[in-house]
Amino acid sequence: MNIDIFGDFDAGKNIITNISKKNFFFSLIISYTNTCQIPGITAAGSTIDLLKFTSPSDAEFINYGACKNISYIPMTPDGKPTPAIITKTMLDLANIPHITINVGSVIKPQIPYIETHIPHGNNIKSFSALDRHYFYKALDYGKIIGKTISSFTNCLIIGESIPGGTTTALAVLKGLGLHARVSSSMPNNPLRLKNKIVDMALSRINTTDPFSIVSNLGDPIMPFIAGMLHTASSDTHIILAGGTQMAAILAFAQHVGYDKKKVSMATTSYIINDQSANLLDTINQITDIPIFVARLKLEHSKYNAIRSYSKGFVKDGAGAGGSTVAAILKNQLHPTNLLKSLDENYSKLLLDRY
């Protein structure tokens, strides 16, 4: 099936049996943290000035196959495309409906979306990530929207797009007492820089309260998605589509509450194979849930930019791994067909750009 299962294997097999070919729904949570403006911390945009367009452009591309706020899709400085191209390909192939929810994006996407009016996150190096009022507002709104969305799907996939999110995730994981090494959109993971920033952020606070830790060290998506988990998991199965950021959310959600039997994670093999990170060990420190890993086999792509994912660039994001798992489960799609469609979409991008 080209999906590996880590963590609770038996529960994972049961999930595959119960949700295969059923009614999937994908939600993309977009946001922003000023932490991403620290030079060298992320490659989620071609320049620091363009980072604020990354999340809304991911959402626009998933909807339209093109961007509205900028002239072309977000890319790394050397031209590697956003993982939203994978997400769009998989959602289209499997005919999975989707919605975007804005939880702090500086730039509003030019698509229909749900607006929460939550502000973007501050630079955790020097400031608290979120005012406590907005932190609890994000948590509460997540509960409300999660309850609503879960009522019309058998399986809710939750993806995210926030540049700099692995750094805020590392801060929260460390703040909660976990031994974590986070992944990166770059093959040369700037762990030394990330840990330096996190240590500076940790030095500002003196608390063991999980809610204070996340409001000080996290970003807007963390309380929001934890709120979604709290209510949605009582009605339907949840797939947290992502790696490091979802690990931090899962760690915080332990203190908010959710139905563990209805929650799993999904990512790509490129996150699991990242030797600079320890996602599986981090999740194991938090809880025992199924972790689905999509083997995309992008090393066989016709295009170097797509093949670069297999060489440590980008790896996952914008729900790429989770949408791939859902597409395979729903339509039993073979990697060869997935890759053919992905290459076709990338070819269209090249034609549009040049």
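Computed from the coordinates by the stated procedures, all read-outs in this text should not be read as laboratory data. Here the structure is a predicted model, which is why all the values come from computation and not from measurement. We place every Cβ from the backbone using ideal geometry, glycine too, and count neighbours over all the protein chains shown.
Structure summary
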quantity	calculated
The chain: most fluctuating residue of ASP209, ASP199, ASP235 per GNM, C-alpha cutoff 10 Å	ASP209
Theoretical ellipticity at 222 nm over the chain - DSSP helices of four or more residues, -39500 (n - 2.57) apiece, nearest 500	-13500 deg cm²/dmol
Coil-residue trypsin sites (Lys or Arg not before Pro) of the stretch 176-243, DSSP, other Cβ within 10 Å capped at 14	ARG204
Choice from HIS133, HIS117, HIS179 showing the highest fluctuation, given a GNM over the chain with Cα pairs closer than 10 Å	HIS133
Backbone N within the stretch 139-169 under 16 Å of label point (7 Å from THR207 Cα along the Cβ vector)	139-140
Gain in span if fully extended, ILE48 to ASN95, counting 0.36 nm per residue against the direct Cα distance	13.5 nm
Relative contact order computed over the stretch 3-353 (Cα-Cα under 8 Å; 6+ residues apart), in percent	25
Max mean-square fluctuation residue, GNM over the chain, Cα-Cα springs under 10 Å, options ILE306, ILE107, ILE158	ILE107
Interchain or long-range residues, amide H under 5 Å from GLY121's placed H	TYR32, THR33, ASN34
Computed lengthening from PHE9 to ILE144, 0.36 nm per intervening residue step minus Cα-Cα distance	45.5 nm
With eigenvalues of the C-alpha gyration tensor scaled by 5 and rooted, the stretch 3-353, Å	27, 23, 19
Unit charges at the beta carbon, dipole of the stretch 36-170: most positive-side option, ILE114, GLY146, ILE70	GLY146
PHE26 long-range amide H proximity, modeled H, under 5 Å	HIS98, ILE99, ILE157
Environment charge at SER233 (Cβ cut-off 14 Å; Lys +1, Arg +1, Asp -1, Glu -1)	+3
Potential lengthening between HIS300 and VAL106 on full extension [0.36 nm per residue; Cα-Cα distance subtracted]	66.2 nm
Charge dipole magnitude, Cβ of K and R +1, D and E -1 - the stretch 3-353, Cα centre, debye nearest 20	260
Dipole of the chain, positive end: most advanced residue of SER269, TYR303, THR324 [Cβ charges, Cα centre]	TYR303
FRET efficiency, 1/(1 + (r/R0)^6) with R0 30 Å, evaluated for ASN18 and SER347 via beta carbons	0.20
